[in-house]
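Undergrad: First the structure, which I've put down as structure tokens, then a few questions once you've had a look.
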Amino acid sequence: MPAKFVLIGSGLAGGLLAAYLGRRGCDVDLYERRADPREGNIVGGRSINLAVSTRGIHALEQIGIADEALQHAIPMRGRMIHDKSGDLQFSPYDVDPKKCINSIGRAALNTSVIEAAQRYPNVRVHFNHRCTDVDLDTPTVQLETENGPLSARGDAVIGVDGAFSAVRKSMQRKIANFQYDESYLAHGYKELTIPPGPDGSWRMEKNALHIWPRKSFMMIALPNPDGSFTCTLFWEFEGPRSFATTQSDDDVHRFFDEEFPDAVSLMPMLVEDFRQNPTGSLVTIRCAPWYYKDNVALVGDAAHGVVPFYGQGMNAAFEDCVVLDKCLQKFPNDREHAFAEYFARRKENTDALADLAIGNFIEMRDKTASRTFRAKKKLDHLLERLLPGIYLPLYTMVTFTRIPYAEAARRARLQDRIVYGGLISLPSLVIAVLLLRLIAH
């Protein structure tokens, strides 16, 4: 008899996992605290546009919805760097111009995965059901609904309920020696908008991720199908120039006029967006273990929240679904063994991704405007052309392959040691050759 799974959280990974389990023949009840996103209930100002790349696309392909999900996505082939004078520098992501990341709206993708899950008659989705507690041993979930409390019981409960997971909090309370760490950046984020042109056209380069790097802070913009761009300002919460010190409309105008003059003319609702949209926090979450017996497991941000600067949070969560599905297939009669192998295969890699994401924030904000950085990218692409399949830049491995994150990080460190060691020794080699020629003569 197929197992019954109770899933908490019908966000991106929750919907996808429900589809995977539904395909496996499992009985699935998926509970979500928010209203149905297909009814236009997305909270404004907190989306941070999604960038779907190779890992996420592979996960969507496995259940046959990649083409459907990506039909409204916009390919971004590189970074468009905006300096203070308004000058632009385009830096392609890869030596192959066909390799791109895809800007997609959260609501559209969420709808695709939920509808994919609901194609299986053994999957049921319940909105406006908030999880308040989990009995790990039964396992039973306590839920609050508009009609009062209720409980739901299954063979296993899986928490796919985000960085502030109720399922994980139950594990923290009830598992001795449960390891948990959350760390916040000193920066927050605020979402802003560049609307489409009068004819519905994009007012900046459509097929690029736009970055305004300003050393200690930055703004980015991703294209949307309607001709608009979703902008996100990443800025310190506190300090002489920060969210805390920017209070009046004049303060907002002064800051943007100084730092992003080429964007201001494209943002007629700047002050209103700045005032109305919330200031979000940026948190990294690590925990262990991700499972309890054969009863409970965590997937996605509930297990490993990362900051968004590598564009891999959702891709990593989708990859969790692929790996968990394979582990359940490998151990069909031993769910605890499946959960344990899933945890073992993913923990090192998501820890590596967390470090990479913070490193990429520093790169995007501090380095993308520098000539040295651009020269390094050109060298990466030259070596990739000269050594196909042997030399792969870190960004390429993370974004355009399914090489495990930890392996990609190790390989990149080794490549850098070899390349920079070679560059350092090259002048010495040239001098030695010249000396030998002088001696010979």
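The values are calculated or read from the model by the stated rules, or taken from the named source; none is laboratory data. In this text, all values refer to a predicted model and were calculated from it rather than measured experimentally. In this analysis, Cβ positions are derived from the backbone assuming ideal geometry, glycine residues included, and neighbour counts consider all displayed protein chains. With ligands, DNA and RNA removed, areas are computed over all heavy atoms of the protein, side chains included. Shrake-Rupley method; radii C 1.70, N 1.55, O 1.52, S 1.80 Å.
Undergrad: Quick check on my filter: what residues within region 324-345 are touching a helix residue (DSSP H, G or I) at 6+ places or on another chain (Cβ under 6 Å) and surrounded by 18 or more Cβ atoms within 10 Å (Cβ to Cβ)? Explain how you work it out, then say what you get.
TA: Step one: of region 324-345, the residues touching a helix residue (DSSP H, G or I) at 6+ places or on another chain (Cβ under 6 Å) are 324-325, 327-328, 331, 338, 341-342, 345.
Matches in region 324-345: Leu324, Asp325, Cys327, Leu328, Ala338, Glu341, Tyr342.
Undergrad: Across region 359-395, what is the total count of residues that are open to solvent by 50 Å² or more (accessible area, probe 1.4 Å) and either β-branched (Val, Ile, Thr) or on the phi > 0 side of the Ramachandran plot (or both)?
TA: 4
Undergrad: Now, a different point. Checking the structure you have, find out if any residue of region 313-320 is open to solvent by less than 10 Å² (accessible area, probe 1.4 Å) and either farther than 29 Å from Ser183 by Cα or without any contact (Cβ under 8 Å) to a residue 60 or more places away in the chain (or both).
TA: Looking through region 313-320, none of the residues is open to solvent by less than 10 Å² (accessible area, probe 1.4 Å) and either farther than 29 Å from Ser183 by Cα or without any contact (Cβ under 8 Å) to a residue 60 or more places away in the chain (or both).
Undergrad: Name the residue that is farthest from Thr401 (Cα to Cα), counting only residues in region 255-314 that are within 25 Å of the chain's Cα centre (by Cα) and of a type in the set (D, E, K, R).
TA: Per the criteria, the residue is Asp273.
Undergrad: Given the conditions (1) open to solvent by less than 10 Å² (accessible area, probe 1.4 Å); (2) touching a Leu at 6+ places or on another chain (Cβ under 7 Å); (3) under 24 Å from Gly22 (Cα atoms), which single one is not true for Val307?
TA: Condition not satisfied by Val307: (3).
Each row is one residue, and each column tells you yes or no for (1) surrounded by 13 or more Cβ atoms within 10 Å (Cβ to Cβ); (2) assigned to a strand (DSSP E or B); (3) modelled with pLDDT under 95.
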{"residue": "Val134", "(1), (2), (3)": "yes, yes, no"}
{"residue": "Thr138", "(1), (2), (3)": "no, no, no"}
{"residue": "Gly162", "(1), (2), (3)": "yes, no, no"}
{"residue": "Val167", "(1), (2), (3)": "yes, no, no"}
{"residue": "Glu182", "(1), (2), (3)": "no, yes, no"}
{"residue": "His187", "(1), (2), (3)": "yes, yes, no"}
{"residue": "Leu192", "(1), (2), (3)": "yes, yes, no"}
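Undergrad: So Lys99 fits all but one of (1) closer than 20 Å to Thr399 by Cβ; (2) open to solvent by 10 Å² or more (accessible area, probe 1.4 Å); (3) part of a helix (DSSP H, G or I); what number is the exception?
TA: (3)
Undergrad: One residue is enough: does region 102-120 have a residue meeting the conditions in contact with a Lys or Arg (Cβ under 7 Å, 6 or more places away or on another chain), part of a strand (DSSP E or B), of a type in the set (A, V, I, L, M, F, W, C) and crowded, with 21+ Cβ neighbours inside 10 Å?
TA: No, region 102-120 contains no residue that is in contact with a Lys or Arg (Cβ under 7 Å, 6 or more places away or on another chain), part of a strand (DSSP E or B), of a type in the set (A, V, I, L, M, F, W, C) and crowded, with 21+ Cβ neighbours inside 10 Å.
Undergrad: It is to be established whether one or more residues within region 33-55 are open to solvent by 10 Å² or more (accessible area, probe 1.4 Å), in a helix (DSSP H, G or I) and among the β-branched types (Val, Ile, Thr). Working first, answer last.
TA: Keep residues of region 33-55 that are open to solvent by 10 Å² or more (accessible area, probe 1.4 Å), which gives 33-44, 46-51, 54.
Checking which are in a helix (DSSP H, G or I) leaves us with 37-39, 54.
Applying the additional criterion that residues be among the β-branched types (Val, Ile, Thr) yields 54.
Within region 33-55, one or more residues are open to solvent by 10 Å² or more (accessible area, probe 1.4 Å), in a helix (DSSP H, G or I) and among the β-branched types (Val, Ile, Thr).
Undergrad: I'm checking my understanding of the structure. Among residues of region 57-75 that are in a loop (DSSP other than H, G, I, E, B) and of a type in the set (Val, Ile, Thr), which one is most open to solvent (accessible area, probe 1.4 Å)? Outline the logic, then answer.
TA: The first filter runs over region 57-75 and keeps only residues in a loop (DSSP other than H, G, I, E, B), leaving 63-65, 70-73.
Filter once more, keeping what is of a type in the set (Val, Ile, Thr): 63, 65.
On the way: Ile63: 28, Ile65: 0 Å².
Checking each candidate, the answer is Ile63.
Undergrad: Check Ala176 against each of (1) of a type in the set (Gly, Ala, Ser); (2) open to solvent by 10 Å² or more (accessible area, probe 1.4 Å); (3) within 23 Å of Glu319 (Cα to Cα) and name the one condition it does not meet.
TA: Condition not satisfied by Ala176: (3).
Undergrad: Quick one: would you say Gly44 is modelled with pLDDT under 95 and over 18 Å from Val398 (Cβ atoms)?
TA: Values: modelled with pLDDT under 95: yes; over 18 Å from Val398 (Cβ atoms): yes.
Considered against the rule, which asks whether it is modelled with pLDDT under 95 and over 18 Å from Val398 (Cβ atoms), Gly44 comes out as yes.
Undergrad: Looking for something of a type in the set (A, V, I, L, M, F, W, C), in contact (Cβ under 8 Å) with a residue 12 or more places away in the chain and over 26 Å from Leu222 (Cα atoms) - is there at least one such residue anywhere in region 57-70? Before you say what the answer is, go through the steps one by one.
TA: Start the filter on region 57-70 by keeping residues that are of a type in the set (A, V, I, L, M, F, W, C), which leaves 57, 59-60, 63, 65-66, 69-70.
Checking which are in contact (Cβ under 8 Å) with a residue 12 or more places away in the chain leaves us with 57, 59-60, 63, 65, 69-70.
Next, from what is left, pick out any that are over 26 Å from Leu222 (Cα atoms): 63.
The answer is yes, given that some residue of region 57-70 is of a type in the set (A, V, I, L, M, F, W, C), in contact (Cβ under 8 Å) with a residue 12 or more places away in the chain and over 26 Å from Leu222 (Cα atoms).
Undergrad: I'd like to check something: does region 244-263 contain any residue that is open to solvent by 10 Å² or more (accessible area, probe 1.4 Å), aromatic (Phe, Trp, Tyr) and part of a loop (DSSP other than H, G, I, E, B)?
TA: no
Undergrad: Right, next: Name the pairs whose Cβ atoms lie under 7 Å apart, with the first residue in region 385-398 and under 14 Å from Arg410 (Cβ atoms), the second open to solvent by less than 20 Å² (accessible area, probe 1.4 Å) and assigned to a loop (DSSP other than H, G, I, E, B), and 6 or more positions between them or separate chains?
TA: If the second residue must be open to solvent by less than 20 Å² (accessible area, probe 1.4 Å) and assigned to a loop (DSSP other than H, G, I, E, B), the pairs left are Val398/Gln312.
Undergrad: Same structure, new question: Residues Ala344, Ala408, Ala375, Ala369: which one is over 17 Å from Tyr310 (Cα atoms) and either β-branched (Val, Ile, Thr) or modelled with pLDDT of 95 or more (or both)? Quick ask: steps written out before the conclusion?
TA: Values: Ala408 fails: over 17 Å from Tyr310 (Cα atoms); Ala375 fails: either β-branched (Val, Ile, Thr) or modelled with pLDDT of 95 or more (or both); Ala369 fails: either β-branched (Val, Ile, Thr) or modelled with pLDDT of 95 or more (or both).
After ruling out the rest, the residue left standing is Ala344.
Undergrad: Could you please find all residues in region 264-301 being open to solvent by 50 Å² or more (accessible area, probe 1.4 Å), assigned to a loop (DSSP other than H, G, I, E, B) and closer than 30 Å to Phe343 by Cα? Step through it out loud before you land on a result.
TA: Of all residues in region 264-301, those open to solvent by 50 Å² or more (accessible area, probe 1.4 Å) come to 265, 268-269, 272, 275-276, 279, 281, 286, 291, 293-294, 301.
Filter once more, so that each one left must be assigned to a loop (DSSP other than H, G, I, E, B): 265, 268-269, 293-294.
Listed by number, the residues that qualify are Lys293, Asp294.
Undergrad: Scan region 286-301 for residues that are among the hydrophobic types (A, V, I, L, M, F, W, C) and closer than 14 Å to Phe178 by Cα and jot them down. Spell out the reasoning first.
TA: To start, the set of residues in region 286-301 that are among the hydrophobic types (A, V, I, L, M, F, W, C) comprises 287-288, 290, 296-299.
The answer is Cys287, Ala288, Trp290, Val296, Ala297, Leu298.
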